[in-house]
Amino acid sequence: MRVLVLGASGFIGSHVAATLAGLGHEVRAGARRPDTARRLAPAHEWVRADFSELGDPSDWTGLLEGVDSVVNCVGVLQDGAGDSLRAAHVTGPAALIAACTAVGPRRLIHVSAVGTDEQVGTGYGASKLATETLIKDSSLDWVILRPSLVLARGVYGGSALLRGLAAFPLVIPVVGGAGNFRPVAMEDLCAIIEGLLRAEGPMRRSADVAGPQVVSLAELLAGLRGWLGLAPAPVVRFPAWLVAPVARLGDLAGWLGWPSALRTTSLRQMAHDVAGQPADAAQLAGVVPRSFSSWLTRHPATVQDRWHARLCLLRPIAILILGIFWIGTGMVTLGPGWREAVAVLQDAGYGTMASPVAAGGALADITLGALLWVRRFSGRAAIGMVLLGAAYLVAGTISAPQLWLDPLGPWLKVLPVIVLALCVAATEDRR
């Protein structure tokens, strides 16, 4: 059958699309940035499907043409730059449901999440519940799946953060999180979805998708740490109120285009029980999810997993410090270090151009540092830092070669800054 997979470049959606294609289905893959996604999975029929642009049923006509079933894997954690809870969970799905009712795909499978209810007190929970209500009130043949924590080799968002915490040096930091998990393997979730697409007769059912093993957050992190091949470490618990300022910084980062997994919504969701009922999916689709321990055994970690886990928390720190360095040097040049900067350039032979060169360099430093903190510009800003740093070294070597032998190493210190910027640029990919 031809299946429209929405959110096909995301964590769950990409695996669903790959599984369906591997089993012979024709996959029409919807994504906000299909050109980028097409390079990763060229076999799919990629189409642009941004829910913020699909608020009217007529907007869905072309996407649904010739489609037998729809699998919706779209979801956002919190409002931010490019992310809207209302668009992703309310207006977009409402228009999709109306269009499906008119055009008539055979079945709509919606991937929600365990812990979707208003008691959590988050916009995420309330808006996800609104999506489920819209679907249940429709006349469609629908299935709502509520997975617990989904395990896969590739990680993104919250699952990447969990590995980062598991790989933390010397201790295992546990942030709030009184709730339990029943981790479910990605391949089991995909098998359930594929089985439901083939199932005969109307469904109109909702089900949790959860594994048989209940684990606390501390047990989950300890298990992942052992899986990564790292030595055991003591658990150190941090109350939610202590981490709240960091979560609020994560909220701010979201508005700058960085969808941090550590946000105020994450803390509230983790404090809520997200285990689910493992029997639901088995009764609905005949697939029995395997345990957390089983998944760890069947997917041995590699050096790439360890690198990614360690870089998960290190990379944001590198971006923060690198931005502070470039902005700080520019501000020092324009402020208390202005006279000295101009004097150095004059001694180097710049003459009357010393002041314009100093000001231009300082403004360039500040601009690159600020752009590094804006997600859509960060990669290009890092490359700009490499090029500008190299230009500084070339110009400095020509005009003031003696500074290579200065005890404070002003030219030598540019080299690690260039390398750090290269590391940031090289790890720019999010998915």
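The values are calculated or read from the model by the stated rules, or taken from the named source; none is laboratory data. Here the structure is a predicted model, which means the values were calculated and not measured. With ideal geometry, Cβ positions are generated from the backbone for all residues, glycine too; neighbour counts draw on all protein chains shown. Protein only, heavy atoms only, side chains kept; ligands, DNA and RNA dropped before computing areas. Shrake-Rupley method; radii C 1.70, N 1.55, O 1.52, S 1.80 Å.
Within region 353-374, the residues that satisfy the criterion of being free of Cβ contacts under 8 Å to residues at least 24 places away in the same chain and in contact with a Leu (Cβ under 9 Å, 6 or more places away or on another chain) are Met353, Ala354, Ser355, Val357. Every condition in (1) buried (at least 16 other Cβ atoms within 10 Å of the Cβ); (2) more than 17 Å from the chain's Cα centre (by Cα); (3) of a type in the set (A, V, I, L, M, F, W, C); (4) farther than 30 Å from Leu197 by Cβ is met by Val236 except one, and the failing one is (1). When every residue of region 330-339 is checked against the conditions, none turns out to be open to solvent by less than 70 Å² (accessible area, probe 1.4 Å) and closer than 30 Å to Gly164 by Cβ.
Collect the residues in region 59-108 that are among the small types (Gly, Ala, Ser), in contact with a helix residue (DSSP H, G or I) (Cβ under 9 Å, 6 or more places away or on another chain) and not in a loop (DSSP other than H, G, I, E, B), keeping them in residue-number order. Within region 59-108, Ser69, Gly80, Ala87, Ala88, Gly92, Ala94, Ala95, Ala98, Ala99, Ala102 meet the criteria. On the stretch given as region 296-307, residues that are open to solvent by less than 50 Å² (accessible area, probe 1.4 Å) and either under 24 Å from Ala421 (Cβ atoms) or aliphatic (A, V, I, L, M) (or both) total 2. Tallying residues that are part of a helix (DSSP H, G or I) and more than 26 Å from Leu420 (Cβ to Cβ) within region 320-364 yields 12. Taking the listed residues Arg310, Arg290, the one that is part of a helix (DSSP H, G or I), modelled with pLDDT under 95 and open to solvent by 50 Å² or more (accessible area, probe 1.4 Å) is Arg310, with no other qualifying.
Take Gly104 and tell me if it is closer than 21 Å to Arg2 by Cα, loosely packed, with under 15 Cβ neighbours inside 10 Å, free of Cβ contacts under 8 Å to residues at least 24 places away in the same chain and of a type in the set (Gly, Ala, Ser). Answer is yes for this residue.
Selection of region 5-37 for residues being assigned to a strand (DSSP E or B) and either small (Gly, Ala, Ser) or within 14 Å of Leu189 (Cβ to Cβ) (or both) yields Val5, Ala29, Gly30, Ala31.
Please go through region 116-152 and give me each residue that is of a type in the set (Lys, Arg) and at pLDDT below 90, ordered by number. Scanning region 116-152 gives a single hit, Lys128. One residue stands out among those in region 19-46 that are without any contact (Cβ under 8 Å) to a residue 24 or more places away in the chain and under 23 Å from Leu196 (Cβ atoms): the one that is surrounded by the fewest Cβ atoms within 10 Å (Cβ to Cβ), which is Gly24. Scanning region 407-422 for residues that are loosely packed, with under 15 Cβ neighbours inside 10 Å and assigned to a helix (DSSP H, G or I) yields Leu415, Pro416, Val419.
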